[in-house]
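Everything on this sheet refers to the single structure shown next.
The values are calculated or read from the model by the stated rules, or taken from the named source; none is laboratory data. The structure displayed is predicted, hence computed values, not measured ones. Positions of Cβ are generated from backbone atoms using ideal geometry, with glycine treated the same way; all protein chains shown enter the neighbour counts. Note: areas computed on protein heavy atoms with side chains; ligands, DNA, RNA excluded. Shrake-Rupley method; radii C 1.70, N 1.55, O 1.52, S 1.80 Å.
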Amino acid sequence: MDWSKKTLSLGTAAALAAFLAPQGAFAQWDNGNADNDWDNPLNWGGTFPTGANATVDLAGADRAVISATPTNGPVIDIFVGSGAGLTGELDLTAGSASSGGGNWSFVGQNGGVGTFNVADTTGSGGITTNLATGSGTFTTNRLYVGGRDFGDAGTGTLNVNTQGSIDLLDTGGPTLSVGHNPGAVGTMNMDNGTVNAGYEAWWGADGEGTLNMSGGTINTGAWTVFGRGSGGVGTLNMTGGALNASTVDAASFVVFGSFGGSVGVGNVSGGTIDASAGAGVYLGEGGTGTLNLSDTATVTGGALRIGLNDGGVGTLAVTGSSVSVSVTDVSLGLDSTLVDTTALGTLSFVADAGGVSTILASGDVNLGSDGDTLLVDLTGYTGAHVDMQLIDGATSSGAFTGLAQGTLAATDGNANPYYIDYTVAGDVWLTTTPIPEPA
């Protein structure tokens, strides 16, 4: 994580000044014509909010619906659920819609409750959205779901099931933030479509942010964060689709549990996390980060770092024999420069009938020396008594705490013993042959 982003830079100060400057009038959606048509001026008190902020604080039967590319506009910012006690819903079922050029959109802020559906709300079927597939495309500079910059917390939901896309054009800061403020709650459900975040994407910046993903593609330009600030809680529940990170900034990375006090959890049973364009996947950079991989989950590219800076706690749990992890380097309890820290890293394997999944590292495997742990559960394996490869690296250094060369590491479902072996090239193995201790 770019630690400078915790301070108010000149660029941020300029953005704040611009945001606090007069932004035009606020036009209130009233569904006056009772047809839910966003493009109908009669639903905006008689005048469409061209050149004004568009606010939707009605839901259900009075929600706003975009079912074709609007002919009126453009508006400036878009607010859905804009204040305490207010609930708003905006549905984009078809066509192309946007905020004004260079402007932002907010779903659930200042105590409000907002829902933005980029999907066909007249049907059902999506695994996470429970909505049918629409064809809408939405463009804005930044999108906040639950809370906002320079404002108060709210509750927001973004449902994405579309043949189109959500295009977030900003090239600095949190292009997408779900659960932004302390106390904010943001939820993003995605079944189909493409989300292009021009720069950073945060789930649980300082609030609670969740991504439930069964399909589609999310492309982020820079840091992709689950659990960022102190008190931020970010959760990824992924059964399918693709999360492609760091497509603009090669120094950035995917991180679970970024700054101290943050918590990030990933539960991935399908789909792909691709960090190959950036620095890799970091678990417990300064907070607590856990990535649970099972079934056909795939992680590719960059370094896999488990427990980095002082105070960080990272865990990678790999369940079954069908998980695919292919990275450049693996490290536990070391910072990004491979200096040993007080961070703690845990690597866990749980076997199924086919054994364990192997982590493929094209480069180095570096293990810390101050509490970094290997946990292996082989009780689900009842096959032949054969050696099992845990990590396939080019070179390796260090050892797991409490597991010196030749130590009994696990027993399989047939009560056969397995011993730790660090001596095979750069690999980490469990061998079936007792290894004599050095003379």
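Some observations on this one:
- Antiparallel %, DSSP beta bridges [both residues in segment 132-197], to 5: 0 percent
- The chain: most fluctuating residue of D387, D37, D167 per GNM, C-alpha cutoff 10 Å: D387
- Per residue solvent-accessible surface (Å²) - the chain, probe of 1.4 Å: 35 Å²
- Fraction of antiparallel bridges per DSSP, segment 294-419 only, in percent to nearest 5: 15 percent
- DSSP-defined antiparallel bridges as percent of all bridges, the chain, nearest 5: 10 percent
- Positive-end residue, the chain charge dipole about Cα centroid, Cβ charges, pick of V281, G172, V424: G172
- Spatially, segment 129-205 and segment 325-349 are offset by 31 Å when compared through their Cα centroids.
- Ordering of 411-419, 114-122 by burial proxy (mean other Cβ atoms within 10 Å per residue, highest first): 114-122, 411-419
- With 5 Å bins from 0: P(r) over segment 309-375, alpha-carbon pairs, percent: 4, 17, 24, 23, 17, 10, 3, 1
- What the Cα convex hull of the chain gives, in volume per residue, is 124 Å³.
- Rounded to the nearest 20 debye, the dipole magnitude of the chain is 520 debye, with +1 charges on Lys and Arg beta carbons, -1 on Asp and Glu beta carbons, and the Cα centre as origin.
- Close amide H partners of G114, meaning residues 5 or more places away or on another chain with modelled amide H under 5 Å apart, are G88, G108, T155, G156, T157.
- Here the chain has 54 percent of its accessible surface on carbon and sulfur atoms, given a 1.4 Å probe and all protein chains in place.
- Point-charge dipole on Cβ atoms (K/R +1, D/E -1) for segment 15-165, about Cα centre, debye to 20: 320 debye
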